[in-house]
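Student: Just passing along the structure, written as structure tokens.
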């Protein structure tokens, strides 16, 4: 009876540790996604301030680094990509901008596996 109780206790302990590890991985993944979205917003602000801006940029938000690229697609369109990494977990965003002037219009904003 004692060995069965010990086995159950060990199982519950290991399940709790796995659950805790999964929770921290999920938290890091969510942080990377939020950072990538914030980085994309900075890229959109850069486009709003200077519609001819293109290139690849890095920025630091709350002591975490992210990067974004702005590529011209036609006269008035842009593709903006953004990525951020938290403890080896990378999240990437791709935004298709239909026009930058007179106002910015977003055709799509999605998380992607790669670009």
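Student: Could you list, in sequence order, all residues of region 60-71 that are surrounded by 15 or more Cβ atoms within 10 Å (Cβ to Cβ) and modelled with pLDDT of 95 or more?
Tutor: Across region 60-71, the qualifying residues are 66, 67, 68, 69, 70.
Student: Scan (1) touching a helix residue (DSSP H, G or I) at 6+ places or on another chain (Cβ under 9 Å); (2) outside any strand (DSSP E or B); (3) modelled with pLDDT of 95 or more for the single condition residue 46 breaks and write down its number.
Tutor: Every listed condition holds for residue 46 apart from (1).
Student: Being without any contact (Cβ under 8 Å) to a residue 40 or more places away in the chain and either part of a strand (DSSP E or B) or surrounded by 15 or more Cβ atoms within 10 Å (Cβ to Cβ) (or both) narrows it down to one of 85, 56, so name that one.
Tutor: 56
Student: What number of residues in region 74-98 are out of contact with any helix residue (DSSP H, G or I) (no Cβ under 8 Å at 6 or more places or on another chain) and modelled with pLDDT under 95?
Tutor: Count: 4.
Student: Of all residues in region 94-110 being in a loop (DSSP other than H, G, I, E, B) and in contact (Cβ under 8 Å) with a residue 12 or more places away in the chain, which is nearest to residue 54 (Cα to Cα)?
Tutor: So the residue we want is 100.
The values are calculated or read from the model by the stated rules, or taken from the named source; none is laboratory data. Predicted model only: the values in this text are computed from it and were never measured. Methodologically, a virtual Cβ is constructed for each residue, glycine included, from the backbone with ideal geometry; neighbour enumeration extends over all protein chains shown.
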